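Colleague: Quick one: the structure is below, questions incoming.
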Amino acid sequence: MPYDPNASVTDQVHASIKSSLEHLRSSDAPESVNDAYIDMLILHSPLPTMSQTLEAWSAFETYVPHRIRNLGISNCTLPLLRELSSLVKVKPAVVQNRFYGGTQFDVPLRSYCRDNDIIYQSFWTLTANPELVQSDTIQLLASRTEISPAAALYCLVLALGNTTLLNGTCNRGRMEADLTAPEKVGRFSQEHPGVWQRVLENFQQLIGDRVAL
């Protein structure tokens, strides 16, 4: 742990960021830490109180835009995101959440993110959704584009708009296949727009994405 758990939230943040910048420097030269930066700093989860969360966020903001370029939050509900966004100077650029049925696939939260130019980054996308991977919709897209069902699910999540995802594979071949899958789906959507639209609409129906907000 790069900070004293008994220190104030502010001091914990500064100690953690200092440690991260030291580890991200471009060379072993001590002075290279001055050139190190963090592209995206994610608060792993809200703190026990909004006051503590805001204290941490305020400490984050002192590094933006030079040492830290963007701020995000993970494991976040829509009410908390709305409140946080209304109270901070630097708005969240990313919300990183589990994409699964337990949260109704974050339909209202993702809508809020789209309306406010916040990227929704899904994780647990495969692990929590075996029924989606096995669904007729995913299987059809995988078959028509000659990609894996897992990659087909990834592509449909990306097609929801303003979304990205975390891919946890350590297998190089699988990663390369996942990276080329969006190109194959893109070509398929241009060559067969009607089929693609039906596949996307069926997927949205599976996850409740057309629920009125």
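Just so you know, all these numbers are worked out from the coordinates, no wet-lab data involved. What you see is a predicted model; the values in this text were computed from it and never measured. A quick note on method: Cβ atoms are made from the backbone with ideal geometry, for glycine too, and the neighbour counts reach across all protein chains shown.
Colleague: Placing +1 at every Lys and Arg Cβ and -1 at every Asp and Glu Cβ, with all other atoms neutral, what dipole size does the range 126-213 have around its Cα centre, in debye to the nearest 20?
Modeller: The calculation lands at about 80 debye.
Colleague: Looking at the calculated P(r) for the range 1-75, what percent of the C-alpha pair distances fall above 17 Å?
Modeller: Of all Cα-Cα distances in the range 1-75, 45 percent exceed 17 Å.
Colleague: Could I ask something else about it? Show that you can apply the helix-only estimate: for the chain, add -39,500 (n - 2.57) for every DSSP H stretch of four or more residues, divide by all residues, and state [θ] at 222 nm to the nearest 500.
Modeller: For the chain, the value works out to -15000 deg cm²/dmol.
Colleague: Moving to a separate point now. Given a Förster radius of 30 Å and the C-beta distance between residue 88 and residue 210 as r, what FRET efficiency does 1/(1 + (r/R0)^6) yield to the nearest 0.05?
Modeller: So the FRET efficiency works out to roughly 0.45.
Colleague: Additional query: Be a star and scan the range 114-134 for residues whose amide nitrogen sits under 19 Å from the point 7 Å along the Cα-to-Cβ vector of residue 164.
Modeller: 114-126
Colleague: Find, among the trypsin sites (Lys or Arg not before Pro) in the range 91-186, those assigned to loop by DSSP (not H, G, I, E, B) with at most 13 other beta-carbon atoms within 10 angstrom.
Modeller: Answer by residue number: there is no such site.
Colleague: So, one more: Can you find, among 80, 140, 33, the residue farthest towards the positive end of the dipole of the chain? Put +1 on the C-beta of Lys and Arg, -1 on that of Asp and Glu.
Modeller: Most positive-ward Cα: 140.
Colleague: Over the chain, what is the relative contact order in whole percent, taking alpha-carbon pairs under 8 Å and six or more residues apart?
Modeller: Relative contact order comes out at 13 percent.
Colleague: Take 124, 196 and order them by how many other Cβ atoms sit within 10 Å, fewest up front.
Modeller: Least to most surrounded, the residues fall as 124, 196.
Colleague: Sort 11, 28 by Cβ crowding within 10 Å, fewest neighbours at the top.
Modeller: 28, 11
Colleague: Once both labels are modelled 7 Å past Cα along the beta-carbon direction, what's the residue 187-residue 124 spacing in nm?
Modeller: It works out to 3.6 nm between the two label points.
Colleague: What is the set of long-range amide H partners of residue 70 at a cut-off below 5 Å, with H atoms built 1.01 Å from backbone N?
Modeller: Answer set, sorted by chain and number: 40, 41.
Colleague: Report, in debye and to the nearest 20, how large the dipole of the range 44-171 comes out about its Cα centre when Lys and Arg carry +1 and Asp and Glu carry -1 on their Cβ.
Modeller: Here the size comes out at about 280 debye.
Colleague: Restricting to Cα pairs below 8 Å that are 6+ residues apart, what does the relative contact order work out to for the range 1-77? Please round to a whole percent.
Modeller: Across the range 1-77, relative contact order equals 31 percent.
Colleague: On to the next question. Cα-Cα pairs above 33 Å in the chain: how many percent?
Modeller: 27
Colleague: Looking at the range 32-108, which chymotrypsin sites (Phe, Trp or Tyr not before Pro) are in a loop (DSSP not H, G, I, E or B) and have at most 15 other Cβ atoms within 10 Å?
Modeller: 37
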